[in-house]
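Following: one structure in C-alpha coordinates, then a few remarks.
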Amino acid sequence: MLKMLAISFEFFRLPPEEKAKLYSDDPAKKIRLSTSFNVRRETVHNWRDYLRLHCYPLEEFVPGWPSNPPSFREVVSTYCREVRQLGFRLLGLISLSLGLEEEYIEKVLGEQEQHMAINYYPPCPEPELTYGLPAHTDPNALTILLQDQKVAGLQVLRDGKWIRVDPHPNAFVINIGDQLQALSNGRYKSVWHRAVVNSDEERMSVASFLCPCNSAVISPAKKLTGDGSPAIYRSFTYDEYYKKFWSRNLDQEHCLELFKSESATAMPSSIESSCLTRCPHRMVDD
Ligand code: OGA
Ligand code: NI
(Lines give C-alpha, C1' and ligand atoms only; values in the text may rest on other atoms or scores of the structure.)
(Ligands and ions follow the chains in the order given, each with its own letter.)
Protein backbone atom coordinates (compact mmCIF):
# COMPACT_ATOMS: atom_id res chain seq x y z
CA MET A 1 0.00 0.00 0.00
CA LEU A 2 2.77 2.40 0.92
CA LYS A 3 4.71 1.59 -2.24
CA MET A 4 1.60 2.18 -4.32
CA LEU A 5 1.09 5.62 -2.77
CA ALA A 6 4.77 6.49 -3.10
CA ILE A 7 4.90 5.57 -6.79
CA SER A 8 1.73 7.58 -7.39
CA PHE A 9 3.35 10.71 -5.94
CA GLU A 10 6.44 10.02 -8.02
CA PHE A 11 4.33 9.78 -11.14
CA PHE A 12 2.52 13.06 -10.58
CA ARG A 13 5.84 14.80 -9.87
CA LEU A 14 7.13 13.97 -13.35
CA PRO A 15 7.64 17.00 -15.59
CA PRO A 16 4.43 18.16 -17.32
CA GLU A 17 5.84 17.39 -20.78
CA GLU A 18 6.38 13.77 -19.73
CA LYS A 19 2.84 13.45 -18.36
CA ALA A 20 1.31 15.26 -21.34
CA LYS A 21 2.13 12.27 -23.54
CA LEU A 22 -0.55 10.33 -21.69
CA TYR A 23 -3.23 13.03 -21.71
CA SER A 24 -6.66 12.26 -23.13
CA ASP A 25 -10.20 13.40 -22.42
CA ASP A 26 -11.73 10.38 -24.13
CA PRO A 27 -13.37 8.19 -21.44
CA ALA A 28 -13.16 5.18 -23.76
CA LYS A 29 -9.34 5.13 -23.65
CA LYS A 30 -7.92 2.39 -21.47
CA ILE A 31 -4.83 4.26 -20.37
CA ARG A 32 -5.06 7.99 -19.94
CA LEU A 33 -4.14 10.94 -17.82
CA SER A 34 -6.91 13.44 -17.46
CA THR A 35 -8.31 16.13 -15.26
CA SER A 36 -11.57 16.92 -13.44
CA PHE A 37 -14.17 14.24 -14.39
CA ASN A 38 -15.45 14.53 -17.93
CA VAL A 39 -13.99 17.77 -19.33
CA ARG A 40 -15.81 17.35 -22.62
CA ARG A 41 -19.16 17.69 -20.95
CA GLU A 42 -18.70 19.78 -17.81
CA THR A 43 -19.24 23.47 -17.34
CA VAL A 44 -17.68 23.49 -13.87
CA HIS A 45 -14.44 21.59 -13.44
CA ASN A 46 -13.12 19.76 -10.42
CA TRP A 47 -9.71 20.20 -8.84
CA ARG A 48 -8.34 16.78 -9.66
CA ASP A 49 -5.89 15.17 -12.03
CA TYR A 50 -6.10 11.44 -12.51
CA LEU A 51 -4.39 8.58 -14.22
CA ARG A 52 -6.85 5.92 -15.28
CA LEU A 53 -5.66 2.44 -16.09
CA HIS A 54 -7.30 -0.79 -17.09
CA CYS A 55 -5.72 -3.52 -15.00
CA TYR A 56 -7.17 -6.88 -15.99
CA PRO A 57 -5.84 -9.01 -17.55
CA LEU A 58 -2.51 -7.51 -16.53
CA GLU A 59 -0.57 -9.07 -19.45
CA GLU A 60 -2.81 -7.21 -21.85
CA PHE A 61 -2.57 -3.76 -20.29
CA VAL A 62 0.73 -3.45 -18.44
CA PRO A 63 2.79 -3.01 -21.66
CA GLY A 64 0.83 0.20 -22.32
CA TRP A 65 1.21 1.62 -18.79
CA PRO A 66 3.67 4.42 -18.04
CA SER A 67 7.28 3.23 -18.02
CA ASN A 68 8.31 6.24 -15.99
CA PRO A 69 8.89 6.10 -12.99
CA PRO A 70 10.89 2.97 -13.84
CA SER A 71 9.33 0.75 -11.15
CA PHE A 72 5.77 1.93 -11.89
CA ARG A 73 4.65 -1.17 -13.78
CA GLU A 74 6.05 -3.61 -11.26
CA VAL A 75 4.71 -1.87 -8.15
CA VAL A 76 1.28 -1.19 -9.61
CA SER A 77 0.78 -4.66 -11.05
CA THR A 78 1.70 -6.29 -7.73
CA TYR A 79 -0.79 -4.01 -6.01
CA CYS A 80 -3.50 -4.80 -8.57
CA ARG A 81 -3.18 -8.54 -8.10
CA GLU A 82 -3.57 -8.28 -4.33
CA VAL A 83 -6.49 -5.87 -4.52
CA ARG A 84 -8.36 -8.17 -6.91
CA GLN A 85 -8.07 -11.08 -4.48
CA LEU A 86 -9.25 -8.89 -1.61
CA GLY A 87 -12.21 -7.75 -3.71
CA PHE A 88 -13.22 -11.33 -4.49
CA ARG A 89 -13.11 -12.24 -0.80
CA LEU A 90 -15.37 -9.31 -0.03
CA LEU A 91 -17.81 -10.20 -2.81
CA GLY A 92 -18.00 -13.74 -1.38
CA LEU A 93 -18.78 -12.39 2.08
CA ILE A 94 -21.37 -9.98 0.70
CA SER A 95 -23.06 -12.87 -1.13
CA LEU A 96 -23.18 -14.91 2.07
CA SER A 97 -24.53 -11.94 4.03
CA LEU A 98 -27.46 -11.79 1.61
CA GLY A 99 -28.23 -15.49 2.09
CA LEU A 100 -26.88 -16.29 -1.38
CA GLU A 101 -24.24 -18.88 -2.16
CA GLU A 102 -20.71 -17.57 -1.73
CA GLU A 103 -19.96 -17.61 -5.46
CA TYR A 104 -23.24 -15.96 -6.48
CA ILE A 105 -22.08 -12.39 -7.12
CA GLU A 106 -18.80 -13.44 -8.71
CA LYS A 107 -20.70 -15.69 -11.10
CA VAL A 108 -23.17 -12.97 -12.08
CA LEU A 109 -20.43 -10.40 -12.66
CA GLY A 110 -18.55 -12.76 -14.98
CA GLU A 111 -14.90 -12.23 -15.89
CA GLN A 112 -14.60 -8.92 -14.04
CA GLU A 113 -12.72 -5.99 -15.41
CA GLN A 114 -10.52 -4.03 -13.04
CA HIS A 115 -9.88 -0.34 -13.48
CA MET A 116 -7.81 2.03 -11.42
CA ALA A 117 -7.98 5.76 -10.90
CA ILE A 118 -4.93 7.32 -9.31
CA ASN A 119 -6.32 10.63 -8.12
CA TYR A 120 -4.07 13.60 -7.44
CA TYR A 121 -5.60 16.64 -5.81
CA PRO A 122 -3.20 19.60 -5.84
CA PRO A 123 -3.58 22.32 -3.21
CA CYS A 124 -6.43 24.56 -4.33
CA PRO A 125 -6.28 28.34 -3.76
CA GLU A 126 -10.06 28.61 -3.36
CA PRO A 127 -11.29 25.22 -2.15
CA GLU A 128 -14.79 26.47 -1.36
CA LEU A 129 -15.43 27.09 -5.07
CA THR A 130 -15.06 23.54 -6.29
CA TYR A 131 -14.58 19.89 -5.36
CA GLY A 132 -11.90 17.34 -5.94
CA LEU A 133 -14.77 15.11 -6.96
CA PRO A 134 -18.40 16.16 -6.51
CA ALA A 135 -20.95 13.84 -4.89
CA HIS A 136 -21.32 10.62 -6.83
CA THR A 137 -21.76 6.91 -6.45
CA ASP A 138 -19.39 4.55 -8.19
CA PRO A 139 -20.99 2.93 -11.25
CA ASN A 140 -19.17 -0.40 -10.83
CA ALA A 141 -19.65 -3.25 -8.32
CA LEU A 142 -17.06 -2.72 -5.59
CA THR A 143 -14.40 -0.06 -5.06
CA ILE A 144 -11.32 -0.50 -2.93
CA LEU A 145 -9.96 2.92 -2.08
CA LEU A 146 -6.49 3.53 -0.78
CA GLN A 147 -6.43 7.01 0.71
CA ASP A 148 -3.59 9.37 1.35
CA GLN A 149 -2.15 8.37 4.72
CA LYS A 150 -2.05 11.95 6.02
CA VAL A 151 -4.34 14.36 4.20
CA ALA A 152 -8.12 14.10 4.57
CA GLY A 153 -10.67 14.92 1.88
CA LEU A 154 -13.12 12.04 1.49
CA GLN A 155 -16.68 12.46 2.75
CA VAL A 156 -19.62 10.05 2.64
CA LEU A 157 -23.31 10.74 2.96
CA ARG A 158 -24.91 8.98 5.89
CA ASP A 159 -28.43 9.66 7.15
CA GLY A 160 -28.54 12.84 5.14
CA LYS A 161 -25.26 14.20 6.54
CA TRP A 162 -21.83 14.43 4.98
CA ILE A 163 -19.30 12.86 7.28
CA ARG A 164 -15.54 12.86 6.96
CA VAL A 165 -13.70 9.64 6.39
CA ASP A 166 -10.30 10.58 7.68
CA PRO A 167 -7.13 8.71 6.77
CA HIS A 168 -6.65 5.54 8.74
CA PRO A 169 -3.15 4.01 8.51
CA ASN A 170 -3.01 0.65 6.75
CA ALA A 171 -6.74 0.63 6.00
CA PHE A 172 -8.78 0.61 2.83
CA VAL A 173 -12.12 2.28 2.34
CA ILE A 174 -14.56 -0.08 0.63
CA ASN A 175 -17.35 1.48 -1.41
CA ILE A 176 -20.38 -0.44 -2.52
CA GLY A 177 -21.10 0.55 -6.12
CA ASP A 178 -24.31 0.81 -8.15
CA GLN A 179 -24.16 -2.78 -9.42
CA LEU A 180 -24.27 -4.25 -5.91
CA GLN A 181 -27.24 -2.05 -5.07
CA ALA A 182 -29.05 -3.40 -8.14
CA LEU A 183 -28.05 -7.05 -7.58
CA SER A 184 -29.03 -6.96 -3.91
CA ASN A 185 -32.37 -5.34 -4.77
CA GLY A 186 -31.44 -2.32 -2.67
CA ARG A 187 -30.30 -4.20 0.46
CA TYR A 188 -26.80 -2.86 -0.06
CA LYS A 189 -26.69 0.83 -0.87
CA SER A 190 -24.28 2.37 -3.31
CA VAL A 191 -22.58 4.99 -1.17
CA TRP A 192 -22.70 8.68 -2.04
CA HIS A 193 -19.28 10.16 -1.58
CA ARG A 194 -17.22 13.15 -2.64
CA ALA A 195 -13.72 14.54 -2.23
CA VAL A 196 -13.04 18.06 -1.04
CA VAL A 197 -9.78 19.89 -1.55
CA ASN A 198 -7.78 22.21 0.65
CA SER A 199 -5.48 25.15 0.13
CA ASP A 200 -2.40 23.80 1.94
CA GLU A 201 -1.67 20.24 1.00
CA GLU A 202 -1.78 17.93 -1.97
CA ARG A 203 -3.68 14.69 -1.56
CA MET A 204 -3.51 11.33 -3.29
CA SER A 205 -5.96 8.47 -3.50
CA VAL A 206 -5.94 5.23 -5.46
CA ALA A 207 -9.33 3.81 -6.36
CA SER A 208 -9.52 0.23 -7.66
CA PHE A 209 -12.80 -0.61 -9.31
CA LEU A 210 -14.05 -4.15 -9.78
CA CYS A 211 -16.48 -4.02 -12.70
CA PRO A 212 -18.82 -6.61 -14.13
CA CYS A 213 -17.79 -7.82 -17.56
CA ASN A 214 -19.56 -5.79 -20.23
CA SER A 215 -21.99 -8.52 -21.21
CA ALA A 216 -22.96 -9.37 -17.59
CA VAL A 217 -26.69 -9.11 -17.11
CA ILE A 218 -27.45 -7.32 -13.87
CA SER A 219 -30.78 -7.85 -12.21
CA PRO A 220 -31.94 -8.24 -8.62
CA ALA A 221 -31.14 -11.74 -7.30
CA LYS A 222 -34.28 -13.92 -7.56
CA LYS A 223 -33.93 -14.95 -3.92
CA LEU A 224 -34.19 -11.31 -2.85
CA THR A 225 -37.34 -10.51 -4.76
CA GLY A 226 -40.84 -11.79 -4.32
CA ASP A 227 -43.82 -11.02 -2.15
CA GLY A 228 -43.40 -7.68 -0.45
CA SER A 229 -40.10 -6.89 -2.18
CA PRO A 230 -40.65 -6.47 -5.89
CA ALA A 231 -37.64 -6.06 -8.14
CA ILE A 232 -36.59 -2.42 -7.86
CA TYR A 233 -34.45 -2.48 -10.99
CA ARG A 234 -34.95 -3.88 -14.44
CA SER A 235 -32.39 -6.14 -16.08
CA PHE A 236 -29.63 -4.40 -17.95
CA THR A 237 -26.17 -5.19 -19.22
CA TYR A 238 -23.20 -3.49 -17.65
CA ASP A 239 -22.27 -2.19 -21.08
CA GLU A 240 -25.57 -0.32 -21.24
CA TYR A 241 -25.10 1.09 -17.74
CA TYR A 242 -21.53 2.21 -18.23
CA LYS A 243 -22.30 4.05 -21.47
CA LYS A 244 -25.17 5.86 -19.78
CA PHE A 245 -22.94 6.78 -16.81
CA TRP A 246 -20.23 8.40 -18.93
CA SER A 247 -22.72 10.21 -21.16
CA ARG A 248 -23.85 12.31 -18.21
CA ASN A 249 -22.41 14.79 -15.77
CA LEU A 250 -21.37 13.55 -12.35
CA ASP A 251 -23.73 15.93 -10.55
CA GLN A 252 -26.94 14.78 -12.22
CA GLU A 253 -29.47 12.46 -10.58
CA HIS A 254 -28.37 8.97 -9.62
CA CYS A 255 -27.68 6.97 -12.79
CA LEU A 256 -29.29 3.92 -11.15
CA GLU A 257 -32.62 5.79 -11.00
CA LEU A 258 -32.74 5.49 -14.78
CA PHE A 259 -32.78 1.69 -14.52
CA LYS A 260 -35.75 1.22 -12.23
CA SER A 261 -38.33 -1.40 -13.09
CA GLU A 262 -41.70 -0.14 -14.24
CA SER A 263 -43.40 -1.00 -10.97
CA ALA A 264 -40.74 0.87 -9.01
CA THR A 265 -40.63 4.10 -10.99
CA ALA A 266 -43.64 5.39 -9.08
CA MET A 267 -41.72 5.17 -5.79
CA PRO A 268 -40.15 8.36 -4.42
CA SER A 269 -36.39 8.55 -4.83
CA SER A 270 -34.24 8.02 -1.80
CA ILE A 271 -33.68 10.50 0.99
CA GLU A 272 -30.04 10.53 -0.02
CA SER A 273 -30.66 11.84 -3.50
CA SER A 274 -32.99 14.56 -2.31
CA CYS A 275 -30.35 15.63 0.20
CA LEU A 276 -27.82 16.07 -2.55
CA THR A 277 -29.68 19.00 -3.92
CA ARG A 278 -30.23 20.49 -0.47
CA CYS A 279 -26.70 20.57 0.83
CA PRO A 280 -24.22 21.44 -1.86
CA HIS A 281 -20.69 22.59 -1.12
CA ARG A 282 -20.90 22.35 2.61
CA MET A 283 -20.16 19.93 5.40
CA VAL A 284 -23.23 19.24 7.44
CA ASP A 285 -21.34 17.98 10.46
CA ASP A 286 -19.17 21.02 11.14
C1 OGA B 1 -13.29 7.88 -7.01
C2 OGA B 1 -13.40 8.47 -5.67
C3 OGA B 1 -12.44 9.46 -3.69
C4 OGA B 1 -11.17 10.01 -3.19
O5 OGA B 1 -12.16 7.89 -7.56
O6 OGA B 1 -14.31 7.40 -7.52
O7 OGA B 1 -14.49 8.54 -5.17
O8 OGA B 1 -11.03 10.11 -1.97
N9 OGA B 1 -12.32 8.93 -5.02
O10 OGA B 1 -10.30 10.35 -3.99
NI1 NI C 1 -15.94 7.38 -6.28
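The values are calculated or read from the model by the stated rules, or taken from the named source; none is laboratory data. Not measured: the values here are computed from a predicted model. Because the Cβ atoms are built from the backbone with ideal geometry, glycine has one as well, and the counts that use them run over all protein chains shown. Keep in mind that these areas ignore ligands, DNA and RNA; they rest on the heavy atoms of the full protein, side chains included. Shrake-Rupley method; radii C 1.70, N 1.55, O 1.52, S 1.80 Å.
Key figures
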item: Residue-span extension gain [K244 to E60] - 0.36 nm each, minus C-alpha spacing; result: 63.6 nm
item: Alpha carbon Rg of region 2-277, scaled by the compact-globule rule 2.2 N^0.38 Å; result: 0.99
item: Neighbourhood net charge (11 Å Cβ-Cβ; Lys/Arg +1, Asp/Glu -1) for K150; result: -3
item: Hz values of 3J(HN,Hα) by residue in region 189-201 - Karplus curve (6.51, -1.76, 1.60), Gly and Pro given as x; result: 9, 5, 7, 6, 8, 7, 10, 9, 10, 9, 8, 9, 10
item: Per-residue ³J(HN,Hα) for region 150-156, Karplus 6.51 cos²θ - 1.76 cosθ + 1.60, θ = phi - 60°, Hz, x for Gly and Pro; result: 10, 9, 7, x, 7, 9, 10
item: Rounded percent of accessible protein surface that carbon and sulfur make up, the chain, 1.4 Å probe; result: 53
item: Accessible area expressed per residue, the chain, with surrounding protein chains retained (probe 1.4 Å, Å²); result: 48
item: Nearest-0.05 FRET efficiency for D200 and Y23, computed from C-beta distance (R0 45 Å); result: 0.95
item: Surface/4 of the Cα convex hull for region 66-146, nm²; result: 7.7
item: Within the chain, helix-based [θ] at 222 nm, where runs of 4 or more DSSP H residues each add -39,500 (n - 2.57), nearest 500; result: -7500 deg cm²/dmol
item: At R0 = 22 Å, FRET efficiency that the Cβ-Cβ distance of T225 and E102 yields, to 0.05; result: 0.65
item: Along each principal axis, Cα extent of region 1-126, largest first, Å; result: 50, 36, 26
item: Cα-Cα over 26 Å, subset of K161/K222; K107/K260; K30/K107; K30/K244; K19/K189; result: K161/K222; K19/K189
item: Ranked packing of 11-23, 51-63, most packed first, by mean Cβ within 10 Å; result: 51-63, 11-23
